[in-house]
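**Student:** Got a structure for you, questions after.
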Amino acid sequence: MRSAARKRNEELAAVIAETGWSQTKVAAAFVRVAAEVRAEELLGTSRSQVAMWVSGTRPKGRAPLILCETLSRRLQRPITLAEIGLSTPGSVAVTAIEWHVDTLTELVDLGRTNVDLERRRLLSGAAYSVGGLVLPGRQWWDEAPERARRRPSTTGRRVGTAEVSALRATTEFFSRRDQLHGGMDGRTALYQYISDDIAAYIGGVFATDEVRRSLFSAAAEAVYVAGWMSFDASRHEAARRYFTLATKLAAEAGDAPLGGHILRAMAHQATDLGHPRKAVDLATESVARKRYALATPRERALLGVVQARSLAAAGHRREALATLIRAEADLASAVPGDDEPSRVWFFAEASLAHETARTLWTLGDLDGALREFRRSVLTRKADTFSRTHSVTLGYMGAVQAQQGNVEAACATWSRALDAMDGIHSGRARETVINMRRVLSPYRNRGIPAAAEIDERARTVLAGVA
């Protein structure tokens, strides 16, 4: 009689069958993930080893986690150790292998890998890993600052307040550029800066522990901006990886509000990509523990309005509306002179109204959504926030079209297309694609405005990519 250890792993076999992959393809995908996280000991994994795992041999070391991540990416949902029959007492609960990679190692490798992939135009095809959205447990967060303190210097570079200031100035430049022109331009320069300069700072020698924490916070913000620019460029897996890395840096800095800010961005992305349950988990975590309590009123409002939209997408109407009310109150309590982090410079009434409108739209309140989109347009400085302004107008026109007012929608879309001059944004591009999709039934109905906007949208598509 075979031992329990050699009993066929029916759970793993079932998940592999669900992927539609052969064992050879599973092995190839597994090796790609292993290469990403520098698990050199697993780069020789072959079909025969996958067959052995299915037959009951338990994979060793990091292999179970990498197997979970491989299958999660293929199926676009989290795969746990229990689901593939590999859970044991004391098993690590997270499925995202990135949480177990040394932060500095990932910082160097991710930047260089993404620059190379962008040059070869392959990154746009990388699958968004829903499994990567599973967060580590409380112990991981509690131990993060000590992990950073114990990390030995690898570069010997001396880091003081001047380096922190330079890093923050560079981050602000890229952040403002993104708001003005979109994330499709300039992000590869930021990738390079992260893998070269920021990695050298993180691996350096710090004047004091306070400088180290400040540098890690500043680095987290820069990596977060790289993630946000990737998100806006529709490079979604790259964005997720940068958001994860930024979260790790914020945790190592012991910066709870910054961690909440980044988790909020991950929730925003998950909502947009149609994963509302994971978005709710991320948004809930973004306001958990000290992340909301220590945040400034303006940042609390930002966390809250994104949480509201994730709740709406998941069908929690009452909770979403209550969270919107709290976000309005938080922003109203922000006053000039507050000691606010620079990362919330963009968030004001126009941003709150934009996200509120999207929440109400999700809940089916078209009148409320239109009202809030109008408030957003009226209160925004369009010359500073060109990208968001164009996207808001695009959404506003879609609501008007949904209400049956096609002529009003075309007038709004005309303004959106005007605002897209010089914008290079995946999100802007999606609004233009949606214009043409909505206008499709009206192309042959003799409506001049519809024909004109459709033609302009077709032309503009070539310029926003």
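The values are calculated or read from the model by the stated rules, or taken from the named source; none is laboratory data. Since this is a predicted model, take the numbers as computed values, not measurements. In this analysis, Cβ positions are derived from the backbone assuming ideal geometry, glycine residues included, and neighbour counts consider all displayed protein chains.
**Student:** If we keep just the residues of the stretch 42-76 that are farther than 23 Å from Leu104 by Cα and of a type in the set (D, E, K, R), which is modelled with the highest pLDDT?
**Tutor:** Arg47
**Student:** What number goes with the only condition from (1) surrounded by 14 or more Cβ atoms within 10 Å (Cβ to Cβ); (2) in a loop (DSSP other than H, G, I, E, B) that Pro152 does not pass?
**Tutor:** Answer for Pro152: the failing condition is (1).
**Student:** Out of the residues in the stretch 28-41 meeting the condition of being at pLDDT below 90 and crowded, with 17+ Cβ neighbours inside 10 Å, tell me which one is farthest from Arg73 (Cα to Cα). Let's see the steps before the verdict.
**Tutor:** To start, the set of residues in the stretch 28-41 that are at pLDDT below 90 comprises 32-41.
Subsequent filtering for residues that are crowded, with 17+ Cβ neighbours inside 10 Å retains 33-34, 36-37, 39.
Details: Val33: 10, Ala34: 13, Glu36: 13, Val37: 15, Ala39: 18 Å.
Checked the stretch 28-41; the qualifying residue farthest from Arg73 (Cα to Cα) is Ala39.
**Student:** Among the residues that make up the stretch 207-220, is at least one of them out of contact with any helix residue (DSSP H, G or I) (no Cβ under 8 Å at 6 or more places or on another chain) and surrounded by fewer than 22 Cβ atoms within 10 Å (Cβ to Cβ)? First the steps, then the outcome.
**Tutor:** Start the filter on the stretch 207-220 by keeping residues that are out of contact with any helix residue (DSSP H, G or I) (no Cβ under 8 Å at 6 or more places or on another chain), which leaves 208, 210.
Next, from what is left, pick out any that are surrounded by fewer than 22 Cβ atoms within 10 Å (Cβ to Cβ): 208, 210.
Yes, the stretch 207-220 contains at least one residue that is out of contact with any helix residue (DSSP H, G or I) (no Cβ under 8 Å at 6 or more places or on another chain) and surrounded by fewer than 22 Cβ atoms within 10 Å (Cβ to Cβ).
**Student:** Additional query: Looking only at residues in the stretch 324-367 that are surrounded by 17 or more Cβ atoms within 10 Å (Cβ to Cβ) and among the small types (Gly, Ala, Ser), which one is nearest to the chain's Cα centre (by Cα)?
**Tutor:** Per the criteria, the residue is Ser351.
**Student:** May I pose another question? Gln402 fails exactly one of the following numbered conditions: (1) surrounded by fewer than 16 Cβ atoms within 10 Å (Cβ to Cβ); (2) over 29 Å from the mean Cα position of the chain (by Cα). What is the number of that condition?
**Tutor:** Here Gln402 meets the rest and fails (2).
**Student:** Considering only residues that are over 15 Å from the mean Cα position of the chain (by Cα) and among the β-branched types (Val, Ile, Thr), which ones fall in the stretch 285-316?
**Tutor:** If the condition is that a residue be over 15 Å from the mean Cα position of the chain (by Cα) and among the β-branched types (Val, Ile, Thr), then Val287, Thr296, Val305 are the ones that fit.
**Student:** For the stretch 233-304, which helices (runs of 4 or more DSSP H) that fit wholly inside it have 3 or more residues that are of a type in the set (A, V, I, L, M)? I'd like the intermediate steps shown before the answer.
**Tutor:** Working: elements: 236-253, 256-272, 276-286, 290-293.
Passing ranges, in order: 236-253, 256-272, 276-286.
**Student:** Right, another one. Do the conditions hold for His316, that is, is it buried (at least 23 other Cβ atoms within 10 Å of the Cβ) and either touching a residue at least 12 places away in the same chain (Cβ under 8 Å) or not assigned by TED's automatic domain parsing to the domain that holds Phe173 (or both)? Walk me through how you get there before you give the answer.
**Tutor:** Values: buried (at least 23 other Cβ atoms within 10 Å of the Cβ): no; either touching a residue at least 12 places away in the same chain (Cβ under 8 Å) or not assigned by TED's automatic domain parsing to the domain that holds Phe173 (or both): yes.
Criteria not met by His316.
Residues are listed down the side, and each one gets a yes or a no for (1) outside any loop (DSSP other than H, G, I, E, B); (2) under 28 Å from the mean Cα position of the chain (by Cα):
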| position | (1), (2) |
| --- | --- |
| Leu12 | yes, no |
| Ile16 | yes, yes |
| Ala27 | yes, yes |
| Ala51 | yes, no |
| Gly61 | no, no |
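**Student:** Looking for whichever is at pLDDT 95 or above and either among the acidic types (Asp, Glu) or surrounded by fewer than 21 Cβ atoms within 10 Å (Cβ to Cβ) (or both) here; the options are Glu237, Glu299. Which one fits? Let's see the steps before the verdict.
**Tutor:** Numbers: Glu237 fails: at pLDDT 95 or above.
So the residue among Glu237, Glu299 that is at pLDDT 95 or above and either among the acidic types (Asp, Glu) or surrounded by fewer than 21 Cβ atoms within 10 Å (Cβ to Cβ) (or both) is Glu299.
**Student:** In the stretch 185-231, what residues are free of Cβ contacts under 8 Å to residues at least 60 places away in the same chain, closer than 20 Å to Ala162 by Cα and either not assigned by TED's automatic domain parsing to the domain that holds Ala250 or not in a helix (DSSP H, G or I) (or both)?
**Tutor:** Selection gives Gly204, Val205, Phe206, Ala207, Thr208.
**Student:** Please tell me if Gly422 is at pLDDT below 95 and either touching a strand residue (DSSP E or B) at 6+ places or on another chain (Cβ under 7 Å) or not in a helix (DSSP H, G or I) (or both). Write out each step before concluding.
**Tutor:** On the way: at pLDDT below 95: yes; either touching a strand residue (DSSP E or B) at 6+ places or on another chain (Cβ under 7 Å) or not in a helix (DSSP H, G or I) (or both): yes.
So Gly422 passes the test.
**Student:** Within the stretch 429-454, work out how many residues are more than 14 Å from Glu407 (Cα to Cα), modelled with pLDDT under 90 and surrounded by 13 or more Cβ atoms within 10 Å (Cβ to Cβ).
**Tutor:** Number of matching residues: 0.
**Student:** When only residues in the stretch 266-296 that are more than 20 Å from Gly315 (Cα to Cα) and aliphatic (A, V, I, L, M) count, which is surrounded by the fewest Cβ atoms within 10 Å (Cβ to Cβ)?
**Tutor:** Ala293
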